[in-house]
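Nothing in this text is a laboratory measurement; each read-out follows from the coordinates by a stated rule. Bear in mind that the values here come from a model prediction, so they are computed numbers and not experimental data. Using ideal geometry, Cβ is built from the backbone for each residue, glycine included, and neighbour counts are taken over all protein chains shown.
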């Protein structure tokens, strides 16, 4: 049965139903959704409007969620014919094949036409307050936007959802009350009512890695000091197996870009040795190898009441580095949209971040 939505205004003890009007135009509803995707009940970043497919068709809106998954939004005014179901499935089948580069091309073309001051990574961070994930378009969701669905279309959508096809319909009613206009929304089915769609993970949907560059998160504070790291040539992490595990995975010869949380990137260097416990680490001083823990350090590099810690999981681990360039924390470099996360180390894949770091620190890539 088609879903009908009503809104009543209470004038004293007498309810008065607001009359439903016709949505002015699809273009106006597109604009509403592009300006405020929360109308759909979920924050989305619109990365394309009237996106042309290879078949010469046009997708009304293409959007992305916090996890980097794509959403095909197809708008149809008034009652939606059953043909729109076949149409959105056609669009979804094409969108699901888009690799990362194709997604970025669509997004940056859209932003160049609408907000020339933004690139995709910056727009993503502006909406979600987090950097874009390495993998984009692992899953594709299709949403029909309409005022109602005919019985046949509703039956088809329900049937597809039972088999885990990520398709749904959202209904908007356009209501008028004197000179005020309202949009009311209702979903045909809750997200919990369908099986989880199968992942369409493909290697091409992940940013390629150049095999060399890594990021390192350096938690500057009481237990770790960036000026120590600059002076003696190292990066470190510890206080738990989760914190040190990724740092210990750094290979010798890796080029690392060091990031201090809430500040920015502060240095570039090359690892010259494997990770070792702080208590056993050595550094070069006056041409000799000396214990790092015996040097005049600003931080204690301890995470236990026992000094040195007898718990290997709590120990601070050190990776020796030959610095190419470093700056004080006060001169850290950061641009909205750059990549960073809480892991102590990881592969740096994001081209947006890498290009800006190389330029800022004056490094010519080979």
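Below are the figures for this structure:
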{"item": "Region 213-360: relative contact order as a whole-number percent, Cα under 8 Å and 6+ apart", "result": "36"}
{"item": "GNM flexibility winner over the chain from 104, 45, 70 (Cα, springs under 10 Å)", "result": "104"}
{"item": "Kirkwood Rh, Cα atoms: Rg over Rh of region 213-360", "result": "0.95"}
{"item": "The chain: relative contact order in percent, alpha carbon pairs under 8 Å with at least 6 residues between", "result": "15"}
{"item": "Per-pair calculated FRET efficiency, R0 = 35 Å: residue 108 and residue 86 via Cβ, rounded to 0.05", "result": "0.70"}
{"item": "Residue order, fewest to most beta carbons within 10 Å, for 102, 173", "result": "102, 173"}
{"item": "Label-to-label distance, nm, for residues given as residue 343 and residue 151 (7 Å Cα→Cβ offset)", "result": "5.4"}
{"item": "Nearest 10 degrees, 0 to 90: helix 83-95 Cα axis against the chain principal axis", "result": "10"}
{"item": "Model label zone, residue 99; criterion: amide N under 20 Å from point 7 Å along Cα-to-beta-carbon; scope region 33-56", "result": "53-55"}
{"item": "Whole-number percent relative contact order across region 13-205, with pairs defined as alpha carbons under 8 Å at least 6 apart", "result": "23"}
{"item": "Cα-based convex hull, region 37-122, per residue volume (Å³, whole number)", "result": "114"}
{"item": "Reported label for calculated mean projected area of the Cα convex hull in nm² given [x] 25.4; [y] 17.0; [z] 19.9", "result": "[x]"}
{"item": "Exposure proxy ranking, count of Cβ atoms within 10 Å, fewest first, for 161, 100", "result": "161, 100"}
{"item": "Packing-based exposure ordering (other Cβ within 10 Å, fewest first) of 163, 257", "result": "163, 257"}
{"item": "Cα Rg, Dmax (largest Cα-Cα span) when computed across region 13-205, Å", "result": "17.2, 62"}
{"item": "Helix 151-162 vs. the chain, principal-axis angle (Cα, 0 to 90°, nearest 10)", "result": "30"}
